[in-house]
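A.B. asks: Below you will find the structure I want to go over with you.
The values are calculated or read from the model by the stated rules, or taken from the named source; none is laboratory data. The shown structure was predicted, so the numbers you read here are calculated from the model rather than taken from an experiment. Note: ideal-geometry Cβ built from the backbone for every residue, glycine included; neighbour counts use all protein chains shown. For the accessible areas, the whole protein counts, side chains as well, though only heavy atoms, and no ligand, DNA or RNA atoms are used. Shrake-Rupley method; radii C 1.70, N 1.55, O 1.52, S 1.80 Å.
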Amino acid sequence: MQSIRIESNEIFRPVHACTKRYVLLKGSAGSGKSVDTAQQYILRLMRDVGRNLICLRKSEVTNRDSTYAELCAVIHRYGLDDYWKIGAEPLYLRCINGNSVIFRGMNDDKQREKLKSVTFRRGKLTDVWFEELTEFSRADFELVDDRLRGELPKGLFYQIKGTFNPVSANHWVKKVFFDTPDENVLTHHSTYRDNRFIDEAYLMRMERRKRLDPEGYRVYGLGEWGEVSGLILTNWQVRDCPMDFTAYDDVVMGQDFGYNHANALLLLGMRDGDVYILRELVARGRDTAELIAMAEQAGFPKQVTMFCDSAEPDRIRMWRKAGFLAQGVNKNGARGSVSAQIDWLKQRQLYVSPACAHTIGELRDWKWQFDSVSGAYLDAPVAQNDDAMAALRYGVEGWRHANGGLQVLKSKGTRSRR
């Protein structure tokens, strides 16, 4: 094959040379760790015959806009299209030397069982990429780790890479890999400051975050382990949620519109006063027509009310034209304020499906603004990484107001409660 010259950041050189079984890349947003990981996997798979890679996200569908997109971008960027076959339905990559890449999730027991029977056209599973490793449980990790066993041809080795932004300092990833010395583990740290390809606009965005959210900047700017102080919602837990709508008193949707920042759509259920977050669709850089098609493909129901940001009437009309019961949320007055919505949410137990990985990440990071001068938290959320939280706030508006016009899905059909 042709000689390939890949541009990379100097800080990742120890990772490139590492043959240890576990490689943990902790870092800030924008550090380049995912891009570098994708580049090195393409090089490795083209060079070493007999290697096969599986890319994992907690929610399988998020691979398309993350691991799959990153790997395809490397192939196109360096003119390697003649060496690769790229499949979109299902997602896969296959090199002309026989090496393959497949993409999977670990949302539920069914997907976990599928991982136990993964096979490749040639060779064995040798490499695993856990993107956003902190989304996974330790049991998820160990299930995959157990798959990497048996003798390999000379020159090959097993390796698992995990890329992630650090979350709580109490997370199992920190305890297992960072707090316990192990000769089979390489831990690596990088920040956006180490990325020579970062653009000026992103640098300005990080400076803004440093002013608005010093604690969040520690995690997403400096790549340090997060603390639990200042969190807005702590009354939530991840657990499997029934997808049979008849199990709930009410079923609604909430949507926060976005393009450059994420567009977030949540399917919500209520039962006995508790709120269940059942399904999410979170995407950047998609127009409304694309989002509608994605929602239809993902099975978001058209027969329940969708509460949306009222500042986007044209988008609401497009969703209605597509058959969704979309309506704007009245955000005027104290009763429609963010503080009132948060206060209502705090009085309930929230349950989140493990499939909603992005929402879980936002819940872990959603904090009050901190005034470094007074040393006190303010009654306003940090306006960063809060798209799913906005969708959640819009979605519960019908439940907060007696005249919300809820759509209630029961076993005999859909009915409205006024």
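A.B. asks: Give the residue that is farthest from Gly395 (Cα to Cα), with candidates limited to residues of the stretch 319-339 that are in a helix (DSSP H, G or I) and either open to solvent by 30 Å² or more (accessible area, probe 1.4 Å) or basic (Lys, Arg) (or both).
C.D. replies: For the stretch 319-339, the residue satisfying everything is Lys321.
A.B. asks: What is the one condition in (1) under 30 Å from Asp108 (Cα atoms); (2) touching a Gly at 6+ places or on another chain (Cβ under 8 Å); (3) assigned to a helix (DSSP H, G or I) that Ile316 does not satisfy?
C.D. replies: (1)
A.B. asks: Restricting the first residue to the stretch 167-184 and requiring it to be among the hydrophobic types (A, V, I, L, M, F, W, C), which pairs with a second residue that is open to solvent by less than 40 Å² (accessible area, probe 1.4 Å) and part of a loop (DSSP other than H, G, I, E, B) meet a Cβ separation below 8 Å and a spacing of at least six or different chains?
C.D. replies: Between residues of the stretch 167-184 that are among the hydrophobic types (A, V, I, L, M, F, W, C) and residues that are open to solvent by less than 40 Å² (accessible area, probe 1.4 Å) and part of a loop (DSSP other than H, G, I, E, B), the close pairs are Val167/Trp225; Ala169/Trp225.
A.B. asks: Out of Thr19, Thr67, report the one residue that is surrounded by fewer than 20 Cβ atoms within 10 Å (Cβ to Cβ) and at pLDDT 95 or above.
C.D. replies: The conditions single out Thr19.
A.B. asks: Right, here's the next one. Given the criterion closer than 25 Å to Ser28 by Cβ, in contact with an Asp or Glu (Cβ under 7 Å, 6 or more places away or on another chain) and not small (Gly, Ala, Ser), identify the matching residue among Gln349, Gln369.
C.D. replies: Gln369
A.B. asks: Of all residues being open to solvent by less than 50 Å² (accessible area, probe 1.4 Å), touching an Asp or Glu at 6+ places or on another chain (Cβ under 8 Å) and not in a helix (DSSP H, G or I) in the stretch 73-125, which is modelled with the lowest pLDDT? Just the residue, please.
C.D. replies: It comes out as Asn107.
A.B. asks: Next question. Residues being in a loop (DSSP other than H, G, I, E, B) and either more than 22 Å from Gly361 (Cβ to Cβ) or small (Gly, Ala, Ser) (or both): count how many of those fall in the stretch 297-313.
C.D. replies: Residues in the stretch 297-313 being in a loop (DSSP other than H, G, I, E, B) and either more than 22 Å from Gly361 (Cβ to Cβ) or small (Gly, Ala, Ser) (or both): 8 in total.
For (1) modelled with pLDDT under 85; (2) open to solvent by 40 Å² or more (accessible area, probe 1.4 Å), each residue gets a yes or a no:
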position	(1), (2)
Asn165	no, no
Ser168	yes, no
Lys174	no, yes
Phe177	no, no
Asn184	no, yes
Thr187	no, yes
Leu203	no, yes
Leu212	yes, yes
Trp225	no, no
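A.B. asks: Condition first: closer than 24 Å to Val352 by Cβ and either out of contact with any Cys (no Cβ under 7 Å at 6 or more places or on another chain) or open to solvent by 10 Å² or more (accessible area, probe 1.4 Å) (or both). Now tell me which residues in the stretch 35-63 satisfy that.
C.D. replies: Cys55, Leu56, Arg57, Lys58, Ser59, Glu60, Val61, Thr62
A.B. asks: Scan the stretch 269-292 for residues that are surrounded by 13 or more Cβ atoms within 10 Å (Cβ to Cβ), closer than 22 Å to Lys321 by Cα and either more than 15 Å from the chain's Cα centre (by Cα) or among the β-branched types (Val, Ile, Thr) (or both) and jot them down.
C.D. replies: Of everything in the stretch 269-292, those that are surrounded by 13 or more Cβ atoms within 10 Å (Cβ to Cβ), closer than 22 Å to Lys321 by Cα and either more than 15 Å from the chain's Cα centre (by Cα) or among the β-branched types (Val, Ile, Thr) (or both) turn out to be Val282, Arg286, Thr288, Leu291, Ile292.
A.B. asks: Between residues in the stretch 75-91 that are without any contact (Cβ under 8 Å) to a residue 12 or more places away in the chain and residues that are buried (at least 17 other Cβ atoms within 10 Å of the Cβ) and not in a helix (DSSP H, G or I), which pairs lie under 6 Å by C-beta distance while being six or more apart or on different chains?
C.D. replies: Note: pairs meeting the criteria are Lys85/Arg94.
A.B. asks: Does Glu296 count as free of Cβ contacts under 8 Å to residues at least 40 places away in the same chain and closer than 25 Å to His171 by Cβ?
C.D. replies: No: the conditions fail for Glu296.
A.B. asks: Name the single residue that is least open to solvent (accessible area, probe 1.4 Å) among those in the stretch 238-251 being at pLDDT 90 or above and within 22 Å of the chain's Cα centre (by Cα).
C.D. replies: Within the stretch 238-251, the match that is least open to solvent (accessible area, probe 1.4 Å) is Cys241.
A.B. asks: From the list Asn260, Asn235, pick out the single residue that is open to solvent by 50 Å² or more (accessible area, probe 1.4 Å), touching a residue at least 24 places away in the same chain (Cβ under 8 Å) and within 20 Å of Asp387 (Cα to Cα).
C.D. replies: Asn260
A.B. asks: Restricting to the stretch 269-296, count the residues that are among the charged types (D, E, K, R) and assigned to a helix (DSSP H, G or I).
C.D. replies: 2
A.B. asks: Consider Val128 against the criteria (1) touching a helix residue (DSSP H, G or I) at 6+ places or on another chain (Cβ under 9 Å); (2) assigned to a loop (DSSP other than H, G, I, E, B); (3) not aromatic (Phe, Trp, Tyr): it satisfies all of them except one. Which criterion is unmet?
C.D. replies: Here Val128 meets the rest and fails (2).
A.B. asks: Next up: Do you know which residues across the stretch 293-310 are hydroxyl-bearing (Ser, Thr, Tyr) and open to solvent by less than 10 Å² (accessible area, probe 1.4 Å)?
C.D. replies: Correct list: Thr305 only.
A.B. asks: Going by the structure shown, is Asp244 free of Cβ contacts under 8 Å to residues at least 24 places away in the same chain and acidic (Asp, Glu)?
C.D. replies: The answer is yes for Asp244.
A.B. asks: Also: Within the stretch 367-375, identify whether any single residue is farther than 28 Å from Tyr220 by Cα and of a type outside the set (Asp, Glu), and answer yes or no.
C.D. replies: No, the stretch 367-375 contains no residue that is farther than 28 Å from Tyr220 by Cα and of a type outside the set (Asp, Glu).
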